[in-house]
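J.: Can you keep this structure in mind? I'll have questions shortly.
The values are calculated or read from the model by the stated rules, or taken from the named source; none is laboratory data. Owing to the predicted nature of the structure, the values given are computational and were not obtained by experimental measurement. Cβ placement follows ideal geometry from the backbone for every residue including glycine, while neighbour counts extend to all protein chains displayed. Just so you know, the surface numbers come from the protein's heavy atoms only, side chains and all, with ligands and any DNA or RNA stripped out. Shrake-Rupley method; radii C 1.70, N 1.55, O 1.52, S 1.80 Å.
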Amino acid sequence: MDQTPPIAEGPPPVPETTSLLSRMLNVFAAPGEVFEEVKRTPKTATNWLGPAIIAAVVGVVTTLLIFSQPTIMRQIREAQERAMAHQVQQGKMTQQDADKILAGMEKFMGPMMKIGGSIVAVAMAFGRVFWGGLVLMLLAKLALKAEIPYLKGVEVAGLSTLIITLGAIVHTLLGVTLGKMIATVGPALVMQDLDVTNKLHMSLAVTHVFNLWRAGVMGLGLAQLTGSSWTKATVVYLIYDIIITPALIGINLGQFAL
């Protein structure tokens, strides 16, 4: 009796993918579709590398622009003086020591501040991506009882970073236009004298539209990777945000939460 020869199996179908440009644009309009594609496709380094490079370039440009504004530079000097005066009032240093520190800071104003600020901007662009991936992986495991690959979390964090990058552009344009060192789309925008050394002021500064938008998108990415509901995943991410932001402000690193 004749036997039908087995049908040779071909290679598994390649998941359909969109271009990197489409993914980066769609993270603003249809992030759910973007993160669903991230989940079902192989690890793709460009998903985090492209946004990180864009964030680094924007960070350098905005740093150079902000530190070229005489009004903003004067505000930075005044903030430094207030911080030193506060240290003197608390008895942590003498006025003579404060004057020496301020004189040293004055030497780093201008070109050195632009160079240092640019280096920090590049480090933050890449650091935010890798830290975000770690946070998503840990939140998935500890809060949602799901395992996700670290690099998949990095991809979601990288694409979500584009929202903060857009925010940096908007905030820089507002700052230059209004002559303010910090001008975010939130409560801080209506404040006349925002003091970066004041923890309440910094709390208002970091509470802006782009941070809230990114939190929602990160929650959506976490939901897609873990199979959880968007509401549950977003609440989990917001709880993390509510804990980490005051902690950064408390140790005078609030600028990293902007």
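J.: Kindly indicate the residue of the stretch 139-156 that is assigned to a helix (DSSP H, G or I) and of a type in the set (Val, Ile, Thr) and also surrounded by the fewest Cβ atoms within 10 Å (Cβ to Cβ) among those meeting that condition.
T.: Restricting attention to the stretch 139-156, the residues satisfying the condition of being assigned to a helix (DSSP H, G or I) are 139-142, 150-156.
Remaining after also requiring of a type in the set (Val, Ile, Thr): 154, 156.
On the way: 154: 24, 156: 30.
Filtering the stretch 139-156 for residues that are assigned to a helix (DSSP H, G or I) and of a type in the set (Val, Ile, Thr), the one surrounded by the fewest Cβ atoms within 10 Å (Cβ to Cβ) comes out as 154.
J.: Restricting to the stretch 66-100, name every residue that is open to solvent by 70 Å² or more (accessible area, probe 1.4 Å) and either hydrophobic (A, V, I, L, M, F, W, C) or touching a helix residue (DSSP H, G or I) at 6+ places or on another chain (Cβ under 6 Å) (or both).
T.: Selection gives 95 alone.
J.: Against the condition under 22 Å from residue 82 (Cβ atoms) and among the hydroxyl-bearing types (Ser, Thr, Tyr), how does residue 161 come out, does it pass?
T.: Numbers: under 22 Å from residue 82 (Cβ atoms): no; among the hydroxyl-bearing types (Ser, Thr, Tyr): yes.
Judged against the criteria, residue 161 is not a match.
J.: Which residues, taken from the stretch 38-52, are out of contact with any helix residue (DSSP H, G or I) (no Cβ under 7 Å at 6 or more places or on another chain), of a type outside the set (S, T, N, Q) and over 16 Å from residue 132 (Cα atoms)?
T.: Scanning the stretch 38-52 gives 40, 42.
J.: If residue 207 satisfies every condition in (1) closer than 25 Å to residue 62 by Cα; (2) in contact (Cβ under 8 Å) with a residue 24 or more places away in the chain but one, which is the exception?
T.: (2)
J.: Give the residues of the stretch 101-138 that are open to solvent by less than 30 Å² (accessible area, probe 1.4 Å), in contact (Cβ under 8 Å) with a residue 40 or more places away in the chain and more than 13 Å from the chain's Cα centre (by Cα), sorted by residue number.
T.: Within the stretch 101-138, 110, 117, 118, 136 qualify.
J.: Looking at 215, 183, 223, can you tell me which residue is surrounded by 21 or more Cβ atoms within 10 Å (Cβ to Cβ), part of a helix (DSSP H, G or I) and not β-branched (Val, Ile, Thr)? Talk me through it step by step, then tell me what you get.
T.: Working: 215 fails: surrounded by 21 or more Cβ atoms within 10 Å (Cβ to Cβ); 183 fails: part of a helix (DSSP H, G or I).
Result: 223 is the single residue among 215, 183, 223 that is surrounded by 21 or more Cβ atoms within 10 Å (Cβ to Cβ), part of a helix (DSSP H, G or I) and not β-branched (Val, Ile, Thr).
J.: What's the number of the only condition in (1) touching a Lys or Arg at 6+ places or on another chain (Cβ under 7 Å); (2) open to solvent by 50 Å² or more (accessible area, probe 1.4 Å) that residue 159 fails to meet?
T.: (2)
J.: Considering only the stretch 186-211, state which residues are within 25 Å of residue 87 (Cβ to Cβ), outside any loop (DSSP other than H, G, I, E, B) and aliphatic (A, V, I, L, M).
T.: Listed by number, the residues that qualify are 188, 200, 202, 204, 205, 206.
J.: May I pose another question? Scan (1) at pLDDT 85 or above; (2) open to solvent by 60 Å² or more (accessible area, probe 1.4 Å) for the single condition residue 45 breaks and write down its number.
T.: It is condition (2) that residue 45 fails.
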